[in-house]
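Here is the structure we will look at, set down as structure tokens.
The values are calculated or read from the model by the stated rules, or taken from the named source; none is laboratory data. In this text, all values refer to a predicted model and were calculated from it rather than measured experimentally. Backbone-built Cβ (ideal geometry, glycine too); neighbour counts: all protein chains shown. To get the accessible areas, we keep the full protein, side chains included, count just its heavy atoms, and leave off ligands, DNA and RNA. Shrake-Rupley method; radii C 1.70, N 1.55, O 1.52, S 1.80 Å.
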Amino acid sequence: MRLFQTLKISVFVLFCTLLVLGTAILVYPLLQHAFEVQESEGNTGEPQLPEKVKEPEMVRVQLLCVLNEENTEFTTFYLEVLNNYAETVFYFEVPAYTKVTISQELYRKLQVYSPGLPQYLKLSKLAGSFSDDYRMQGTLQVLEEMLGISVMHWCSLEKAALQNWMEAVLEKEKDSSEFFKQYQDFVWEAASDQTTLELWMYYDAYRSFFATWEGTIPGTEGIGEFEVNGQLAKDKLESCIRRMGN
């Protein structure tokens, strides 16, 4: 009787062992697949480091402009040259009613983005000649050709915001706390090709550098129009770009 009970227990233990082993054999592939999926989702390659913040440009040329409410015309153009070597920021006005003749080569390139673009027009009309996405890029290309220099960046503001900024940056004696708020307003109001972080990299330069108003870009005033003197304008701008400190 005792032998029978021992045999019965042994058979039961063997059955349980086989059951556990069989279950493990069936479940293992499922667990392995789940682990592989989890590992794949959690490991998408080498760790991605944040992009390195660009260093401030030592010489930075940008366009400051104002559009009308319908975004169909430019009403104001200022050209800014920020020169870290000379610790100076130079400002020029480029009249919005400046007449432009686009070269044949550039004209063909721009027609891809604006088939109806006139080859002869005033700068103000460039705003309505391009789509919202290409307006500033197309305008910069026309300005670069007309002035003979590279214009790297742009900022577009409402008239009052740009006027407030120009008054702030051209102030000879800047109060640090007040100027911080003025620059903050400028960055907040401006639409730009630069990020907010990139704009803030130049705060100290605007606050501490001498800012000078250079007047209207070299050219000839006519009746209802302005014609830029390309060579004189290029020479004047390049003198600001290349100027070194004392």
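Checked across segment 148-158, the condition of being over 27 Å from residue 104 (Cβ atoms), at pLDDT 95 or above and open to solvent by 60 Å² or more (accessible area, probe 1.4 Å) holds for at least one residue. Looking across segment 194-226, the residues that are polar (S, T, N, Q) and either over 14 Å from residue 81 (Cβ atoms) or modelled with pLDDT under 95 (or both) come down to 194, 195, 196, 208, 216, 220.
Quick one: in segment 206-220, which of the residues that are more than 25 Å from residue 175 (Cβ to Cβ) and without any contact (Cβ under 8 Å) to a residue 40 or more places away in the chain is least open to solvent (accessible area, probe 1.4 Å)? Looking at the filtered set, the residue picked out is 218.
Of the residues 97, 203, the single one that is under 22 Å from residue 237 (Cβ atoms) and either open to solvent by less than 70 Å² (accessible area, probe 1.4 Å) or in contact (Cβ under 8 Å) with a residue 12 or more places away in the chain (or both) is 97. Applying a threshold of 8 Å to beta carbon distances and a minimum spacing of six or more residues, or different chains, the list of pairs starting in segment 234-245 at a residue that is within 14 Å of residue 87 (Cβ to Cβ) and ending at one that is open to solvent by 50 Å² or more (accessible area, probe 1.4 Å) reads 240/214; 243/85; 244/85; 245/85; 245/87.
Please specify each residue of segment 203-246 satisfying the condition of being under 30 Å from residue 188 (Cα atoms), over 26 Å from the mean Cα position of the chain (by Cα) and among the polar types (S, T, N, Q). Residue satisfying the conditions is 216 alone. On the given criteria, is residue 109 charged (D, E, K, R) and without any contact (Cβ under 8 Å) to a residue 40 or more places away in the chain? Criteria met by residue 109. For residues that are free of Cβ contacts under 8 Å to residues at least 60 places away in the same chain and either more than 20 Å from residue 206 (Cβ to Cβ) or of a type in the set (Gly, Ala, Ser) (or both), scanning just segment 58-79, find the one that is most open to solvent (accessible area, probe 1.4 Å). Here the residue is 69.
Within segment 80-92, track down each residue that is closer than 18 Å to residue 171 by Cβ and buried (at least 16 other Cβ atoms within 10 Å of the Cβ). Those that are closer than 18 Å to residue 171 by Cβ and buried (at least 16 other Cβ atoms within 10 Å of the Cβ): 80, 82, 88, 89, 90, 91. It is to be established whether one or more residues within segment 135-147 are in a loop (DSSP other than H, G, I, E, B) and either open to solvent by less than 20 Å² (accessible area, probe 1.4 Å) or among the charged types (D, E, K, R) (or both). Within segment 135-147, none of the residues are in a loop (DSSP other than H, G, I, E, B) and either open to solvent by less than 20 Å² (accessible area, probe 1.4 Å) or among the charged types (D, E, K, R) (or both).
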